[in-house]
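To start, the structure itself, in structure tokens.
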Amino acid sequence: MITITVKKRNGSYTEFVSKGHAGYAQEGQDIVCAAVSALIINTVNSLETFTQDEFQAEEKDGYVSFRFTKPVTERGKLLMDSLILGLTEIEHSYNNRYLTVKVKEV
């Protein structure tokens, strides 16, 4: 299962962490894992390209994290809102069996 934790402070995004593998199918054929990966990679690339947001990212097998080092811009917030929307739609489509999304106020 993929576990995603998103942290916010005063309504502003501070951190995103994704851990694990979906387990929907074998590696290379797992459509849930592919969809989640595509959303996350696109969001990170979009944050870098279309905003002035500053963040630190880390990636390894089954793990992606990024932490904002300054308050998120309006564009960054919109991109993050879109990411969370996409991920929660996947979560609900598969009845929380392969993906869990938690948004926490810290």
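Each Lys and Arg adds +1 at its Cβ and each Asp and Glu adds -1 at its Cβ; summed about the Cα centre, the chain shows a dipole of about 400 debye.
Note: relative contact order over the chain, using C-alpha pairs below 8 Å and six or more positions apart, is 39 percent.
Across the options Leu78, Ala35, Thr14, the greatest Cα extent toward the positive end of the charge dipole of the chain (unit charges at beta carbon of Lys, Arg, Asp, Glu) belongs to Thr14. Relative to the longest principal axis of the Cα atoms of the chain, the long axis of helix 74-93 lies at roughly 20 degrees. The angle between the Cα long axis of helix 31-50 and the main principal axis of the chain comes to about 20°, on a 0 to 90 degree scale.
Entry comment: accessible area of the stretch 51-106 is 66 Å² per residue, from protein heavy atoms only and a probe of 1.4 Å. Going by accessible surface with a 1.4 Å probe and the largest first, Ile41, Ile4 read Ile41, Ile4. When peptides 74-81, 58-65, 33-40 are ranked by their average number of other Cβ atoms within 10 Å per residue, the highest-first order is 33-40, 74-81, 58-65.
Report, in deg cm²/dmol and to the nearest 500, the calculated mean residue ellipticity at 222 nm for the chain, where each DSSP H run with n ≥ 4 adds -39500 (n - 2.57) and the sum is divided by the residue count. The per-residue figure over the chain is -13000 deg cm²/dmol. Computed from the C-alpha gyration tensor, the three semi-axes of the ellipsoid equivalent to the chain are 23, 14, 12 Å, from longest to shortest.
The values are calculated or read from the model by the stated rules, or taken from the named source; none is laboratory data. Small disclaimer: the values here were computed from a predicted structure and weren't measured. Please note: Cβ atoms are built from the backbone with ideal geometry, for glycine as well, and neighbour counts cover all protein chains shown. For the accessible areas, the whole protein counts, side chains as well, though only heavy atoms, and no ligand, DNA or RNA atoms are used. Shrake-Rupley method; radii C 1.70, N 1.55, O 1.52, S 1.80 Å.
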